[in-house]
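Working notes for the structure below.
Bear in mind that the values in this text are calculations on the coordinates, not laboratory data. Note that this is a predicted model, so its numbers are computed, not measured. Positions of Cβ are generated from backbone atoms using ideal geometry, with glycine treated the same way; all protein chains shown enter the neighbour counts.
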Amino acid sequence: VRLLGGRGEDHVHFETDTRGVSVYDVDGDFRITGERSAAVNTRDYPDSDEIPDPMDPPHRDWGRWSLPRATIGLTSDYGFKLGAGKTWFDYGFRKEPYASEVGVFGALSTALKYEVRLDGDFRFENSRAFVMGELYSSSFDLLNFYGFGNASARIERNSAKVHRNASGLELAIGSFPGNSTGFAVGPVISFSRTDDDPESFINQLPGLYGVDDTWQTGAFARFDWDSRRNIRIQWTGEIPKLTGAALTAQGRYYPDWMDLVEPYGWLGGELRGYLQIPLLKDATHGAARIGGKKIWGDFPWYDAAFVGGPQTLRGWRAGRFAGDASVYGSAELRLHVLDGQLLMPSMWGILGFADVGRVWVDGASPGSAHWGFGGGLWWGLLGTMNIVSLEAGFSDETTTLYLEWSFAF
């Protein structure tokens, strides 16, 4: 039972010792008499600024709800991917936007790559703090290895393939100082196993650090900022503004415990910008990003600063270049060409992009930067964040194809 005082002075008298009653009051004096001695919670509870329209219903604070999840993907590296899962939400008094979120997700590709994840997000009463956790196992993280260096040689496609399984547990405590800003810190523990395939290039490199089974533990810190939307409630499908910027930054440190021979750490991040363009239809916009990673210490091969693939450099194989430092950038134009009806109201568009990236090893980066160019089609449901994009990327080495349940960034 919760008792909320109103404006002015309040007086409550308990005839019996009523345990389990919580009392709240932030205005005036709240006096309790009788068989009751608990303190009054006087912490201010501001009106929610997550409801943009005063005609909308108040924030939900009871019950539960579940939401199915699905994804598709296609790349030249892992083939066709299909994934599904479900997320459960519980709601509670003054816990915004929910009391807890627990999700399970799994995916499988035609190249026999897999992913299984269990995650949880737990909020506190009248607080912007949260506790999160994720348990995962995946073979999607790294798909190829061509050796280290900005001028690493092109090798036969099947030889470059890597079969690596990564599993781990990450826990975090964090806060949202503002609706557009969040940070989290916490411990991590992970396990890496690289299959011993004598035909693969990676197993022909004697003494490569991290090829053997590797356990490690450490800590991480993460910072997120997005001027286009409220990152506290991203699960709702809120449509981001077409103009704005976003930043993701993360650092990790691993001491020389378990299977590591010496401590190492890294910093990485990505800055993204978006600009609505008054051309054709409303959703036409440009997008750009710049990102990178820097590692200090002796690190396992799988934690290198990689460039290549849809996350960094389209038109090149995933993980095509590896070093102890990397920089990449992208520019993309997304044209909203027409609206139509495919089962439900939809948007149709085309896009074009240019990507660039390079890596360093011990300060050396021979050769020039690597470029990728391409374009494609995109389709989305009107009034939602549900976007499907089909892209082709071209470089002076190969041509790649990407089908994703989103834009690249």
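Values as computed for the structure displayed
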quantity: Residues MET385 and ALA221, FRET efficiency given R0 of 41 Å [Cβ-Cβ distance, rounded to 0.05]; calculated: 0.90
quantity: Of THR312, PRO97, LEU82, farthest towards positive along the dipole that unit charges on Lys, Arg, Asp, Glu beta carbons give region 64-404; calculated: PRO97
quantity: Top of THR398, THR16, THR248 by mean-square fluctuation, Gaussian network on the chain, Cα under 10 Å; calculated: THR16
quantity: Choice from LEU112, LEU143, LEU313 showing the highest fluctuation, given a GNM over the chain with Cα pairs closer than 10 Å; calculated: LEU112
quantity: Neighbourhood charge, 9 Å Cβ-Cβ cut-off, centred on GLY374 and excluding it, Lys, Arg +1 and Asp, Glu -1; calculated: -1
quantity: Pair ASP213, ILE277: separation of 7 Å Cα→Cβ label points (nm); calculated: 5.3
quantity: Computed magnitude of the charge dipole of the chain (debye, nearest 20; Cβ of K, R +1, Cβ of D, E -1); calculated: 820
quantity: Above-threshold pairs, the threshold being 28 Å between Cα atoms, out of LYS161/LYS293; LYS86/LYS113; LYS95/LYS281; LYS86/LYS294; LYS113/LYS293; calculated: LYS95/LYS281; LYS86/LYS294
quantity: Gain on full stretching of the segment that runs from SER175 to ALA331 - 0.36 nm per residue minus C-alpha separation; calculated: 53.0 nm
quantity: Net charge of Cβ neighbours under 14 Å - reference GLY292; Lys, Arg +1; Asp, Glu -1; calculated: +2
quantity: Nearest-0.05 FRET efficiency for ASP259 and SER406, computed from C-beta distance (R0 41 Å); calculated: 0.70
quantity: Pairwise centroid distance, computed over Cα atoms, of region 366-409 with region 161-186, Å; calculated: 25
quantity: Computed label-point distance, nm, for sites LEU112 and ASP44 using a 7 Å Cα→Cβ extension; calculated: 6.1
quantity: Structure-derived mean projected area of the Cα convex hull in nm²: which label, when the choices are (1) 24.4; (2) 28.3; (3) 22.1; calculated: (1)
quantity: Stretch gain in nm, segment LEU4-TRP62, where the contour uses 0.36 nm per residue and the Cα spacing is subtracted; calculated: 19.2 nm
quantity: Distance between modelled label sites at THR71 and LEU205, nm, 7 Å Cα→Cβ extension; calculated: 2.7
quantity: Relative contact order of the chain, pairs being alpha-carbon contacts under 8 Å that are 6 or more residues apart, as %; calculated: 10
quantity: Cα centre as origin, Lys/Arg/Asp/Glu Cβ charges: region 239-331 dipole, Debye; calculated: 660
